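Have a look at the structure below before the remarks.
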Amino acid sequence: MKYVDRSIRCYLNCLAEKTSIPGGGSASALMGSLGCGLLSMVANFTLSKGGFNGYKERAKKALKKSECFRKILINIIDEDTESYRRLSAAFKKCAKDSDKVQKALKAAIKPPSKVCDYSYKAALIALELSYVGKKTILADVVAATHSLDAAFEAGRANIDVNLGYVRNKAYVSSKKQVYRSLQRDMKQIKSKILSVARERMDARCQL
């Protein structure tokens, strides 16, 4: 049975056991999906409230994207565990410099790369909702942002671990450059989201 088809309690119990899977890669996908879920909730509440139609249109677009990303990240929860199984099997049978292991390493880098990519894209949605989301639930935008940032950082850590065994230096350099740049952008987006959300929440409290 896939982890996504089990209960939350079961998944967390499996995560705590002395086993390699599920591990940080799978957990990072879960964190990203949680962040997207919160963004979808904020968008849904924003669509249901009265007010400026322009905000509703932006919230509708945000909802469509956040739901798309949430479903992708949910699938990565199990995708990551499968790629780790294949990598572990390759390491047991072959030398780390063998073509089979190198191929498995690059395959294992794909799930955490997608976690980073979609967490970053979801953070852009969080930025949009920090401006147009319903003020009474902006704390959920903040919670989503922290969850997405954690997912990105965990995903990048898993990328870096696997890159350490990849012999293609050009591939390693390219990957590191891409996610180093995305990380800088992610931090800037996160800072902006928290600033806008806090400003709007404070303004509401002063009414």
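No value in this document is a laboratory result; all are computed from the given coordinates. Remember, it's a predicted structure, so these values are computed and weren't measured experimentally. Virtual Cβ from ideal backbone geometry, glycine too; neighbours counted across all protein chains shown.
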| query | Taking amide H positions as placed 1.01 Å from N in the peptide plane, with prolines and chain starts having none, which residues 5 or more places from VAL166, or on another chain, fall under 5 Å of its amide H? | reply | none
| note | A correct Karplus calculation of ³J(HN,Hα) over the range 129-134, with 6.51 cos²θ - 1.76 cosθ + 1.60, θ = phi - 60°, whole Hz and x for Gly and Pro, returns 6, 5, 8, 10, x, 4
| note | Relative to the chain, whose Cα atoms define the longest principal axis, helix 24-48 and its Cα axis are tilted in degrees, nearest 10, by 20
| said: Can you give the FRET efficiency to the nearest 0.05 for VAL166 and TYR131, using r as the Cβ-Cβ distance and R₀ = 45 Å? | reply: 0.65
| In whole angstrom, and with the biggest value first, how far do the Cα coordinates of the range 24-205 range along each principal axis? | 62, 26, 23
| field | Inter-centroid distance (Cα atoms) of the range 95-137 relative to the range 139-186, Å | value | 7
| query | Which value at 222 nm does the chain reach when only helices count, each DSSP H run of 4 or more adding -39,500 (n - 2.57), with the total divided by all residues and rounded to the nearest 500 deg cm²/dmol? | reply | -30000 deg cm²/dmol
| field | Charge dipole magnitude, Cβ of K and R +1, D and E -1 - the range 1-136, Cα centre, debye nearest 20 | value | 200
| Roughly speaking, what is the stretch gain from GLU57 to GLU199, that is 0.36 nm per residue apart minus the C-alpha to C-alpha distance, in nm to one decimal? | 48.9 nm
| query | Using a simple charge model, +1 on the beta-carbon of Lys and Arg, -1 on the beta-carbon of Asp and Glu, nothing else, what dipole does the range 46-121 show about its Cα centre, in debye to the nearest 20? | reply | 220
| message | As a footprinting exposure proxy, order THR81, THR19, THR145 by other Cβ within 10 Å, with the fewest listed first. | response | THR19, THR81, THR145
| field | Dipole-positive endmost among VAL132, THR19, CYS94 within the chain (Cβ charges, Cα centre) | value | CYS94
| remark: Amide H neighbours of LYS134 at under 5 Å, excluding residues fewer than 5 places away on the same chain, with H built from the backbone geometry, are THR46
| said: With the crude spin-label approximation of a point 7 Å out along Cα→Cβ, what separation in nm comes out for ASP185 versus ASP5? | reply: 3.7
| To the nearest 10 degrees, how steep is helix 53-93 against the longest Cα principal axis of the chain, on a 0 to 90 scale? | 10
| When ARG198, ARG70 are ordered from fewest to most other Cβ atoms inside 10 Å of their Cβ, what list results? | ARG198, ARG70
| message | Can you find, among ALA170, LEU30, ALA62, the residue sitting farthest towards the positive end of the charge dipole of the chain, where Lys and Arg contribute +1 and Asp and Glu -1 at Cβ? | response | ALA170
